[in-house]
1. Failed condition for VAL23, given (1) farther than 30 Å from LEU122 by Cβ; (2) modelled with pLDDT under 95; (3) loosely packed, with under 11 Cβ neighbours inside 10 Å, with all others met?
2. Can you go through GLY68, GLY100, GLY63, GLY51 and tell me which one is surrounded by 16 or more Cβ atoms within 10 Å (Cβ to Cβ), at pLDDT below 95 and more than 16 Å from the chain's Cα centre (by Cα)?
3. What pairs come out if I take residues in region 55-77 that are within 19 Å of THR39 (Cα to Cα) and pair them with residues that are of a type in the set (A, V, I, L, M) and outside any strand (DSSP E or B) whose C-beta lies under 8 Å away, six or more apart or interchain?
4. Being surrounded by 10 or more Cβ atoms within 10 Å (Cβ to Cβ) and either in contact with a Phe, Trp or Tyr (Cβ under 7 Å, 6 or more places away or on another chain) or modelled with pLDDT of 95 or more (or both), is that true of even one residue in region 130-138?
Amino acid sequence: MRRAIVVVTAAWVVAGCYNYTAVPTIAPQPGAQLAFTLTESGSQELTRSLGADAFVVRGRYLGDSEQGALVAVSSVETKRGDQFPWAGETVTLPNNAIAGIEARRLAKGRSALLFGAGVTGLVATTAAFGLIGSGTRQGSTDTKPVKQ
């Protein structure tokens, strides 16, 4: 049973729900997971780097350079809402191309709800299939052989 609790807890941490919230500071911490919303002109300027109609660039913030913010890109979302995964390639986003920055944060309420649903499902499955074990132990002498 302890193993099941550890597995469910680990799954909750990994599969938690996340929100993006506005970054209150001008200079976010390197390593932070951020979403950069691009300006119209920034989207056009970065077409060669990010593809056509890029709207939101998500990834790990690496720091600033003279040209702008360095980002290890994990995905790019277009204006139509299509999302394209990336493998962490570094892209420089010029400061004038950025309309807004949001930080990725754990949504505690939704994650707790997800955790509760997982535990409920585990308990229901255990009860339904009798995985807790209510049979006789091996080597038990509760049964007598039948005479033939």
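The values are calculated or read from the model by the stated rules, or taken from the named source; none is laboratory data. The structure displayed is predicted, hence computed values, not measured ones. Positions of Cβ are backbone-derived with ideal geometry, glycine not excepted, and every protein chain shown enters the neighbour counts.
1. The single condition VAL23 does not satisfy is (3).
2. GLY68 is the lone residue from the list that is surrounded by 16 or more Cβ atoms within 10 Å (Cβ to Cβ), at pLDDT below 95 and more than 16 Å from the chain's Cα centre (by Cα).
3. Every condition considered, the pairs that remain are VAL57/LEU50; TYR61/ALA32; ASP64/ALA27; GLY68/ALA97; VAL73/LEU50; VAL76/LEU50.
4. no
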